[in-house]
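All remarks here apply to the structure that follows.
Bear in mind these aren't lab numbers, they're just calculated from the coordinates by the rules spelled out. Remember, it's a predicted structure, so these values are computed and weren't measured experimentally. With ideal geometry, Cβ positions are generated from the backbone for all residues, glycine too; neighbour counts draw on all protein chains shown.
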Amino acid sequence: MTVSTDRAAGAAAPSAPAAHPGRRRRSGAPGGALRTALEVLFFVGPALALFLVFVVWPIIRAAQFSLYRWKGFGPLTDFVGLDNYSTVLHNEVFTDAFTHNLFIVVGSVLLQMPLGLAIALLLNRRIRGQGLLRTIVFVPYVLAEVIASVVWLQLLQPEYGVIDSLLSSVGIAGPEQGWLGTPDYALWTVLVVLTWKYLGLAVLLFLAGLQGIPTDVVEAAQIDGASWWQVQRWITIPLLGPTLRVWAFLSMIGSLQLFDMVWVLTGGGPANSTTSMATFLVTEGTKRHNYGIAAAASVILFVVALVFALLYQLLVLRRDTHDRTRLARAGGGA
Amino acid sequence: MSRPLIDPDRDLGVPAPGDLRPRKRPRPSAAQGGGSPLVYVGALVVVALTLGPVLYAVLGGFRTNAQIAESPAGLPDPWVLDNYRRVLTGGTFWRYALNSAAVAVITTALVVVLGLMAAYPLARYRFRGRETLYVAFLVGLLFPATVAIIPLFILVTRDLQMGNTWWGVALPQAAFALPITVVILRPFLMAIPDELEEAALMDGASRVGFFFRVVVPLSGPGTVTVGVLAFVASWNAYLLPLLLLQGDMKTLPLGVADYSSQYSSDAAGVFAFTTVAMIPALVFFLAMQQRIVGGLQGAVKG
């Protein structure tokens, strides 16, 4: 019993699926196919129904709404073709929002990758309280984005907030309107809070990756006289590459959907300096009731995310699968 | 020395779920380096920056607004219990916590039950269209709820008349959690040995009976992982509840955001409310730590 449980858990690697579709015996009895169909329906039906109603249907509707001018009342009659898309793409608030998303995408990776790597390497050393440290580093990630934002909103209060008061004690005066109230700093501040919130995830994944690095390679290098830093620079970090690339992908997709934190910290302000594509579409939809515009923006958001995912897959992640097959071949040939 | 040959399956470097207990290495490898004083200083800085804001909020709840205004970086002096007492006896906190818990429990139950059922034939039956069906769920991973948020809002509030209800939030949340659930659970179910199924069938069990008597009990680690992921996501969710819930039906994140904007000058009150609101998630996290970590790493690997 215990053994099979462990086996089930341990074998959950992606290499397991689809390996043996042919092993299931065909039911020879008459009515077997019907019975199988009914059983499949019984098991998959409820999930499929939920999925169709609450995922597929709304997405189809979003695509449909995007072709109409619709304020949310009455039937969809005012067909406008691609006008909503052209309106959105010519709207400076949206194009700015798109730039903000890109800024967050790039900024998150550039900030969190080195910081996360440094902390992961630090925590991977044999130090006392390692387990506790790992738990602590992960705490911000567990908090709701809203809760983190509300706390930071207080910390960042202009003048009276603890951050400004600490800064002024070392002679730096915070901006008069506060870090979140000054257009030049607001988006940077959002990026800092995001980094605080999500750095723990990067550290955690990097640490897990570090544990998967075979010790014999490292030991061999040490016998050859490599220093700690040389080992990290030439062995650990390169071998961590695939983990880093998968993490960066997750981070980018998350950054493109940025909503909660902006909504609570700045509401997109001041002067639209922190809007994201998601805050744009929610504002258009729920505050202005421009459902067609909002739907067009959401389709654009989806297409942007899709293009990002495909390009990343093509340009970056493909290397890993390619490397892997090459390595496997090399391993097989040796 | 040539390029190191490593096991291709390992090169993502992420262990599979269930295999995650940070284990002590029997042989302390010098590769990791020891704990020089500098390392401890570094660790201390990381801890201070990570926990600082959280601790500041906790302590801020024990201060008065006058104390906070006078010395923003100070400690409580004297300690004031009033803010916390007000939050805990005020009623709105408990109301929001109940809503959060109810929505999260319904979401989790739906995800676990429907996800496990759906993953079973996708893993262990052989029928035409199986892979197509699986890919359909897989494609769902590409669609975040944000993309469909406006039609979802209209569907739930107008077509289904479930606007201000627990189920109105839980059903879409569960639906959007299904793809990752199926993706995580299918390999778990595939890994159940065929011999078990053959033995069960030989003993006269049907495949439906096999599911309830063998698959369900054996899929513990997988279902806990997806359950914890669904619960935490629901507990922290903001956008969907923001559009669908009002008044007494709000969840904690909405309540916290409201409180913060309504009483923004009452910093001590905001800190107390926020602190109390973060306790359930933190306790749950500490209790389920390994599972959450495992689930996330499994998700990355998948």
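Brief remarks follow.
- When only Cα pairs below 8 angstrom with a gap of at least 6 residues are kept, the range B:106-261 shows a relative contact order of 37 percent.
- Residue exposure sequence - A:Tyr291, A:Tyr68, B:Tyr259 - by fewest surrounding Cβ within 10 Å: A:Tyr68, B:Tyr259, A:Tyr291
- Nonlocal amide H pairs with A:Tyr68, under 5 Å, H built at 1.01 Å: A:Val80
- Sequence ranges B:83-91, B:266-274, ranked by mean other-Cβ count within 10 angstrom, highest first: B:266-274, B:83-91
- Neighbour counts of C-beta atoms inside 10 Å place A:Ser298, B:Ser219 in the sequence B:Ser219, A:Ser298, starting with the fewest.
- Across chain A, the mean sequence separation of Cα contacts (distance under 8 Å, 6 or more residues apart), normalised by length, yields a relative contact order of 25 percent.
- Here the sum of -39500 (n - 2.57) over DSSP H runs of 4 or more residues, divided by the residues of chain A, equals -21000 deg cm²/dmol at 222 nm, to the nearest 500.
- Between B:Arg126 and A:Leu132, the modelled labels are 5.6 nm apart [label points 7 Å from Cα along Cα→Cβ].
- When the chymotrypsin sites (Phe, Trp or Tyr not before Pro) in the range A:95-171 are filtered for DSSP coil states and for at most 16 other beta-carbon atoms within 10 Å of their beta-carbon, the remaining sites are A:Tyr160.
- For the residues of A:153-161, the average number of beta carbons from a partner chain within 10 Å of their own beta carbon is 5.
- Neighbouring partner chain Cβ atoms per residue of B:222-235, average, 10 Å criterion: 1
- Extension gain, A:Leu317 back to A:Trp229 (0.36 nm per residue minus Cα-Cα distance, nm): 29.0 nm
- When the inverse distances between all different Cα atoms of the range B:106-261 are averaged and flipped, the Kirkwood radius reads 17.2 angstrom.
- Contact order for the range A:48-207, expressed relative to its length and based on alpha carbon pairs under 8 Å spaced 6+ residues apart, stands at 24 percent.
- Taking B:Leu55, A:Leu143 and counting other C-beta atoms within 10 Å, the order from fewest to most: B:Leu55, A:Leu143
- Estimated distance in nm for a label pair at A:Gln64 and A:Glu176, the labels positioned 7 Å out from Cα along Cα-to-Cβ: 5.3
- Across peptide B:60-66, the average count of Cβ atoms from other chains found within 10 Å of a residue's Cβ is 1.
- Here's how it looks for B:Val80: its modeled amide H is under 5 Å from those of B:Arg63, which are all 5 or more places away or on a different chain.
- Computed from label points 7 Å out along Cα-Cβ, the spacing between A:Lys287 and B:Tyr263 is 2.6 nm.
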